[in-house]
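We did not get these values from a lab; they are worked out from the coordinates using the rules stated. Small disclaimer: the values here were computed from a predicted structure and weren't measured. Cβ sites come from the backbone with ideal geometry, for glycine too, and all protein chains shown count toward neighbours.
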Amino acid sequence: MKKIFVGPKEKNIANTDFFDGSITLFGSNRNGNHSYSRDISFAYWDPDNNKKEIDIYNQEFAKIKEEIMVMAHNPHLVSKCFLPSNVHLICKNSDKVLDILDNKFKTRELLCNIVPILDYEIYKGSNINYEKLSKKTTEFVIQLPIGSGGAKTYLYNTDTYEQIDQLIEDDKYYSVSAYIRDNIPYNIHCVVFKNKIEVMMPSKQLIEVSNILEYIGSDYSADIDINVARKICEYSIKICKKLQEIDYLGVVGIDYISTKEEIYFIEINPRFQGSTAYLDSILKKKGLPSLFEYNYAAFIDKEMPSVKFIK
């Protein structure tokens, strides 16, 4: 049965031959890729449960007549599509588990006694007021519970608060935490099997700081202090053991920030990452299977070579 990748970008699978084709928002329309690059611009794309993205995938699924397996960049989103009986979404965790991990508030509750997490408070939008908050400190990170790639994550300070106040919705709830200047953001991929955990090499995240904190890429060539790398690995194993307890399987991305005092957990991404293709290029050079193959193996409980925290 053919295996098809479904996700935002064809380049996410540039370093693997695991798939027989792909359906993507942005791509080449060659070598089995079906893309809508000519019809949409990247500027429109909202990575979080975007209706237009689902509509595009639905159009392509309706054209497929043969039996296929679909592996999704974001299984939770693709599961909301209309899937004909011949289109089989594989490597998806339960909605109950994904609803927890997609929600920053619920994830912090799940992990609060396992790894260090920055102090935060929950505010209703109507109660967020810079004058009152600034009695504690001068800069804050304000987040909605659901948002990817920095979407809906605001930097709130004396220069931005008037603009952010226009974006905050009165009836929604936000986490508010002190912003730590000179922090270093990191991301790591892991693969959760039923009885083992594979921890990949961490990368330094590239974040654009304006009135929002937006992810713009990952740097795997950055020189990461060995003690920082070890602690990220240690915390990631603890997190993944908790994920095993709630029956999560497959690939997961975990974000951290490093300060002078500690490494702090930030959030979980229960899906592939923007940096997956680059990591796959490293795995390929080491003669190891792609992350997509590790993900598939986790769900069928297939033995795979250990990455042993690749360098």
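3J(HN,Hα) along the stretch 291-297: 4, 5, 6, 4, 4, 4, 4 Hz, from the Karplus curve 6.51 cos²θ - 1.76 cosθ + 1.60 with θ = phi - 60°, whole Hz, x for Gly and Pro.
Roughly what % of Cα-Cα distances in the stretch 157-210 sit above 12 Å, to the whole percent? The partial results should precede the final answer.
Working: 1144 of 1431 pairs.
Percentage above 12 Å: 80.
Restricting attention to the stretch 93-175, lysine pairs at least eight places apart or on different chains and with alpha-carbon atoms under 19 angstrom apart total 15. Extent of the stretch 175-287 along its three principal axes (Cα atoms, max minus min coordinate, largest first): 40, 33, 26 Å. Helix 51-63 axis versus longest C-alpha principal axis of the chain: approximately 0°, rounded to the nearest ten. Relative contact order of the chain: 17 percent, from C-alpha pairs under 8 Å at least 6 residues apart in sequence. Label zone of Glu234 (point 7 Å out along Cα→Cβ, amide N under 18 Å): in the stretch 109-140 this covers 112-118.
Placing +1 on each Lys and Arg Cβ and -1 on each Asp and Glu Cβ, with no other charges, gives the chain a dipole about its Cα centre of roughly 900 debye. Pairwise Cα distances in the stretch 1-144 exceed 25 Å for 45 percent of all pairs. Measure nothing fancy, just the Cα-based angle from helix 276-285's long axis to the longest principal axis of the chain, in degrees from 0 to 90, nearest 10. Helix 276-285 sits at roughly 60 degrees to that axis. Within the chain, antiparallel bridges make up roughly 70 percent of the DSSP beta bridges whose residues both belong there. When the Cα atoms of the stretch 79-160 are aligned to their principal axes, the ranges along those axes come out at 58, 30, 20 Å in descending order. Rg/Rh for the chain stands at 0.96; both radii use Cα atoms, and Rh follows the Kirkwood definition. Rounded to the nearest 10 degrees, the inclination of helix 226-245 to the longest alpha-carbon principal axis of the chain is 70 degrees.
According to the Kirkwood relation over distinct C-alpha pairs, the hydrodynamic radius of the stretch 126-185 is 12.0 Å. Note on the chain: GNM, Cα springs under 10 Å; of Ser94, Ser177, Ser134, the largest mean-square fluctuation is that of Ser134.
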